[in-house]
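Worksheet: one structure, shown below.
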Amino acid sequence: MSLIKCEMLTKSYGSKLALDGVSIELKSGSPIALVGPNGAGKTTLFSLLCGYLIPSCGSVTIMGEKPGSRKLLGKVASLPQDATLDPNLNLITQFTLFGTLQGLTAKQAKAESLRVLSLVDLAHVVEQKPQSLSHGMSKRASIAQALIGSPQLVLLDEPTAGLDPANAKVIRELVRALSSDITFVISSHNLDELEKLCDQVLYLDQGKLGQSVSIQENMTDEYLTVSMQECEDELFVSALESLTGINSVTKKQENEYLIHYSAEEIHDIEVQFFTLISKNGWKYRALLKGRTLEDKLFS
Amino acid sequence: MEPNADSGLMRNTLILAKFELKKLLFNPRGLIALVAFSLVWLLLLLYPIRSASSFLLNPDFKQLIAGVFGEESISQLFQWQVAEMAILWISALYIFPLFSIFVSADQFASDRQRGTFRFLTLRTGRDSLFLGRYIGHMLIQTLLLLFTILATVLLAMSRDATLLLPALTSGVIVFINMIIILAPFTALMAILSLYANSARQATIYAILLWAVSAIVLAIINNYIPSIAGLLHWTLPGAQLSLMINTQGMGSFVYAPIPVIQTLVLLFLGRTYMKRSSL
């Protein structure tokens, strides 16, 4: 059974169409990314999946059930964008309530709350009220609440926006560690991050679902993306293009090049590439098999 | 660790109701509200209720009142065995519904506004959330009412210790009656609180609703008095003025009106909750 199934899912706010006939079917497994510009309808799609909003048209099911149905309680969790915890109650009180509502006893719920808050490194502030936490800490607390119990699907709306790099890394590691048991759907503007975490990327623009990109395809893609430390621009391009089996070399941005080759004609492209740069004394910074997510989505 | 699917409705409703009560009792803000409420009642108990009961026991005063309002209109007021309870009854009939509008104005408004609901609706059904909050706010008012009645019983006993039993009996009747009276007010505030963006806005909506209804009813009454007479009963509190002149078991005559209003309002609120965006 598919985890998420949307058929011609449409949501409009008055005359504004926020989501326009989206049809997707997603299976459980590796994290799934949802990208798109501001106002593309990502948060609307998340809200429909969580049952916060009711579709104007079309249908959506999660594990065969309508969002918000009793059978999904506790199985679907989310980090909603812009939602804040009750400012008058401390974290542990609120988390324990969440746990008991999910069927745990008060004691189990408290232990579970401490466990999830420790996961995001907030064990030392459990007695504090959300008001006294920094933006990043509040965000981590909101992520922690999504992990209470044993959810099967966790929707994270911009989980690392506003987090410092160290904490963003902690969250990424957490998602990676838990993704064998939980399917995550993550919306983010940080393409590098999604590239590291997700297998499948959905692109939403102006309420419509565009292309769906698989990171796994990189392995069979006949592209190499190289970032160079220092090299002479034109010389580098022409030297590469002179190799047999190279179709084109395009400069994408400062010191970043996309090499398109034909796998049938050139079997040892990496070896030839390194030979070339060592011969010319050039230095490289990174070599990526395939194209960057940014390049796939926006070119 | 498995979440409960079907048996959860009652369980979660109770958890949420208890949590509302806990929020009041273990939170500085809630405690301040409780102290403010107690002070208002302390003043009422010490001055109007204590002094008015001595008036009620005075035959000259009874004659004066009967002369002004007519023998029948408030005759029951002098039938109360404990005079303090009679004055409490009259004050509570109007003051408690007013309190109810303020106390239960934030059943949903601020949680919905800041998105806190979004954390709850993935864990519990909207039915439990609606009913749990409603019951929680009824529990808060029950607690306030209980304090007030016990204080009145003590006040009556300080005058005459033999009044303990009659005061307790009247107290129980007043208590049950007041709970029934407050139920539709709290249910109406639940709906307004769902619609409003803040507790203050919900209170303003409540004032507007009663004011506009009074004007509309007056206009209808001018043209079709029979319909206005019926419509009058749809508003919570419609029976209050008639209840002043009731006492003892007789005061339960009007109970069906608030009970029906509550059931209708709860049904409407639940439907609204199910369909609203969070």
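The values are calculated or read from the model by the stated rules, or taken from the named source; none is laboratory data. The model shown is predicted, which means the values in this text are computed figures rather than measured ones. We place every Cβ from the backbone using ideal geometry, glycine too, and count neighbours over all the protein chains shown. Heavy atoms of the whole protein, side chains included, go into the accessibility calculation; ligands, DNA and RNA do not. Shrake-Rupley method; radii C 1.70, N 1.55, O 1.52, S 1.80 Å.
Key figures for this structure:
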quantity	calculated
Looking only at the stretch A:41-96, and only at residues there that are at the interface with another protein chain (Cβ under 7 Å from one of its Cβ atoms), crowded, with 23+ Cβ neighbours inside 10 Å and of a type in the set (Ser, Thr, Tyr), the one that is nearest to the chain's Cα centre (by Cα)	A:SER78
Boolean, A:SER15 is in contact with a Cys (Cβ under 9 Å, 6 or more places away or on another chain) and either in contact (Cβ under 8 Å) with a residue 40 or more places away in the chain or farther than 18 Å from A:GLN200 by Cβ (or both)	no
Which listed residue is farther than 30 Å from B:VAL172 by Cβ and away from chain A (no Cβ under 14 Å), from B:LEU240, B:LEU278, B:LEU209, B:LEU263	B:LEU209
Filtered residues of the stretch B:109-133 (kept if open to solvent by 20 Å² or more (accessible area, probe 1.4 Å) and outside any loop (DSSP other than H, G, I, E, B))	B:SER110, B:ARG112, B:GLN113, B:ARG118, B:ARG126, B:ASP127, B:LEU131
Pairs, first more than 15 Å from A:ILE32 (Cα to Cα) in the stretch A:156-172, second open to solvent by 40 Å² or more (accessible area, probe 1.4 Å), C-beta under 6 Å, six or more apart	A:GLY162/A:HIS135
Helices (runs of 4 or more DSSP H) fully within the stretch A:201-299 counting 2 or more residues that are open to solvent by 80 Å² or more (accessible area, probe 1.4 Å) and without any contact (Cβ under 8 Å) to a residue 12 or more places away in the chain	A:233-241, A:269-280
The stretch B:13-30, residues that are open to solvent by 40 Å² or more (accessible area, probe 1.4 Å) and modelled with pLDDT under 85	B:PHE26, B:PRO28, B:ARG29
Any hit, the stretch A:125-138, residues being free of Cβ contacts under 8 Å to residues at least 40 places away in the same chain, more than 10 Å from chain B (Cβ to nearest Cβ) and open to solvent by less than 10 Å² (accessible area, probe 1.4 Å)	yes
Hits in the stretch A:78-114 (condition: within 21 Å of A:THR160 (Cα to Cα) and β-branched (Val, Ile, Thr))	A:THR84
Among (1) farther than 30 Å from B:LEU31 by Cα; (2) within 11 Å of chain B (Cβ to nearest Cβ); (3) hydrophobic (A, V, I, L, M, F, W, C) - the single one A:VAL35 does not satisfy	(2)
Subset tally (residues that are open to solvent by 50 Å² or more (accessible area, probe 1.4 Å) and over 15 Å from the mean Cα position of the chain (by Cα)) for the stretch A:21-37	3
Residue that is farthest from the other protein chains (Cβ to nearest Cβ), among those in the stretch A:97-124 that are of a type in the set (Ser, Thr, Tyr) and open to solvent by 40 Å² or more (accessible area, probe 1.4 Å)	A:SER118
